[in-house]
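Structure first, then comments.
Each value in this text was obtained by applying a stated rule to the coordinates, not by laboratory testing. These numbers come from a predicted model, not from an experiment. Note that we place each Cβ from the backbone using ideal geometry, even for glycine, and neighbour counts take in every protein chain shown.
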Amino acid sequence: MRKIFALLLFACVAAASNMTVLAPVKSVTAYSNGYAFVSRDGQVSFPQGETTFHIINFTPSALSHSITPQLAASGSRISEHYVYSMSWKESANKTEYFSLERLLNASVGKTISFMSGNDSVDGTLVWFGEGMVGVAASGGQGVTVYKVSDLKRVTLPATNYSEVVQVNTTKSERGLAVTASGASGSGRLSASYISAGAEWAASYKYYIQSEADSGTGLMQGRATVSNGAGEDWENITLKLVVGNPRIVPESRLFYYSYDRVKTKDYAGGIAPIAAESSFNQFTPTQVSAYYVYSLSVPATIRSGEERTLPLLENNVTYKRELFWDTYQSMPEKVFILNNTGGESWAEGVVGVYLNGEFLGESTADYTPRGKEARITVSDMPDIKVKKETLNQSSTATTNSRTTVYKIRLTIENGMSERAKIRVNDHMYSGDQVTLISSNPSAEQKPENVLEWKPEIAAGGSQEIVYEYSVTNFFTDSRLPY
């Protein structure tokens, strides 16, 4: 009976096996919020019964609730999976060669020979230390001291000049364990998950050959992709998403140890990285609520690396505007870019260049096709502006107070060319705001904004004077103190 029980126990142990799988990252879909959707897969062969596959070099940044393993093999199913982390020590023998100092120490009291400068020295080594040697010449009296650094063509009586030492190193491994059971066979084991630490950002350069009130320029976009996910991306399919999906973060991850198994050797190498010198290597598509750029060539971005890839290139039109919002101390120069290309623009920094010279840059929001992006490139110190309150008076009744403001805006054009400026000023808010007069006429905008568009000759000036009232009503019959 004991023999039968032992045989049954052996059969159960033999039926369960461990297998290390090389399942590298195959695709990465990176979002703008520091997360990515990652897929791995690799070919596996397995015996009948229960097998635990170990996908090595698994990232610690994967959100555990998002990990989804799949085994594409007939008659097999996955029963569990978990992330593990382990370390162990390994020993190896290494041959170390003795240093000159050690060989000299072993030769004290014995005959040595060497060259020092142009002199040939032959004698007994009687002393060695502090970078010096003392030699008693054959048949001579006394000891001559030499610097070790001056010795050349040294001949020593040593017969042993090396030794074998044991070197201990600590190894570690992190992985994803996937347990499956079923009939023997082969198939592909894959795992997908959301990973933190992977992000991308867009940046743009807009080139114009001449500056006017309107024109056309070349827009070039680039994507900077950062791999901070803790795993290498070798020849992956890369997608960049304009948009931030809602993701539930995790405060901590749990790791479990397992008995180490031997890694199989796999034939074949890594495919060469495709050239990335031309633009328009990304293909844009709309996926649900997101705009997705798909790279048409494989990309390699190792852990901790950052790469900048060409994203788009289009000719787009612009309008130039000088704009003064009276909240600011001086007007600004703005280029309004019309997205007439085939792709939406992700949020990013846009720099404007005139004949290769940098004019300035600012951040543009996400800009769909057919919409405009405003790029403020510089202040305009040669245009002097001033806002003054000329008069302010108030009247009150039993249930309201009305204040009348008279405002003057002064603009002086110190440039050598005519300046067309868009001016915005803000009336105070209240229960009832009324524009009484304006010279020149103002266009009323939402939120109590007034707008003018004066054209001022070179060296000229313009005054804008307007008057408005603000009335506030009280809820009781008494005026507030």
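Hey, what's the per residue convex hull volume over the C-alpha atoms of the chain, in cubic angstrom?
Values: hull volume 193.8 nm³, N = 481.
Taking the convex hull of the Cα positions in the chain, it is 403 Å³ per residue.
With θ set to phi - 60°, apply the Karplus curve 6.51 cos²θ - 1.76 cosθ + 1.60 along the stretch 310-324 and write out the HN-Hα couplings as whole Hz, x wherever there is a Gly or Pro.
Listing the rounded values in order: x, 10, 7, 8, 8, 8, 10, 8, 9, 10, 9, 9, 9, 10, 10 Hz.
For the chain, calculate the relative contact order in percent as a whole number, restricting contacts to Cα pairs under 8 Å that are 6 or more residues apart.
Numbers: 1160 pairs, mean separation 68.6, N = 481.
Once divided by the residue count of the chain, the mean separation gives 14 percent.
Compute the signed sum of charges (Lys and Arg +1, Asp and Glu -1) over the other residues within less than 15 Å, Cβ to Cβ, of Ser362. Mind dumping the intermediate values first?
Working: positive: Lys205, Arg320, Lys333, Arg374; negative: Glu321, Asp325, Glu332, Glu347, Glu361, Asp365, Glu372, Asp379.
Spelling it out: positives minus negatives among the neighbours equals -4.
With angles folded into 0 to 90 degrees, how steeply does helix 2-15 sit against the dominant principal axis of the chain? Use alpha carbons for both and round to 10.
50 degrees
Under a plain spin-label model, where a point goes 7 Å from the Cα along Cα-to-Cβ, how far apart in nm are Ser400 and Asn160?
Distance between label points: 11.0 nm.
If I model a spin label at Phe98 and Met415 as a point 7 Å from the Cα along the Cα→Cβ vector, what separation in nanometres do I get?
Placing both labels 7 Å along Cα→Cβ, they lie 8.4 nm apart.
Taking only C-alpha pairs under 8 Å that are 6+ residues apart, what is the relative contact order of the stretch 13-75 in percent?
Numbers: 62 pairs, mean separation 23.8, N = 63.
Reported relative contact order: 38 percent.
Per Stokes-Einstein, at 4 °C and 1.567 mPa s, what whole-number D in µm² s⁻¹ belongs to the stretch 99-160, with the Kirkwood radius over Cα pairs as the hydrodynamic radius? Walk me through the numbers before you get to the answer.
Details: Rh = 11.5 Å.
Here the translational diffusion coefficient equals 113 µm²/s.
Only residues of the stretch 396-432 count here: report those whose backbone N is under 17 Å from the spot 7 Å along Cα→Cβ of Asn439, or say none.
Counting backbone N atoms under 17 Å from the label point, the list is 405-411.
Determine the dipole magnitude for the chain: charges of +1 sit on the beta-carbon of Lys and Arg, -1 on that of Asp and Glu, nothing else is charged, the reference point is the Cα centre, and the result goes in debye to the nearest 20. Let's see the in-between values first.
Details: 43 positive and 48 negative charges, 307 e Å.
The dipole of the chain has a size of about 1480 debye.
Between Glu306 and Gln209, what is the FRET efficiency for a Förster distance of 41 Å, r being their Cβ-Cβ separation, to the nearest 0.05? Spell out each step's value before the answer.
Values: r = 32 Å, r/R0 = 0.78.
So, using R0 = 41 Å, E works out to roughly 0.80.
Using the Karplus curve 6.51 cos²θ - 1.76 cosθ + 1.60 with θ = phi - 60°, what ³J(HN,Hα) values do you get for each residue of the stretch 417-428, in whole Hz, with x for Gly and Pro?
For the stretch 417-428, the Karplus curve yields 9, 5, 10, 9, 10, 9, 10, 10, 10, 10, 7, 4 Hz.
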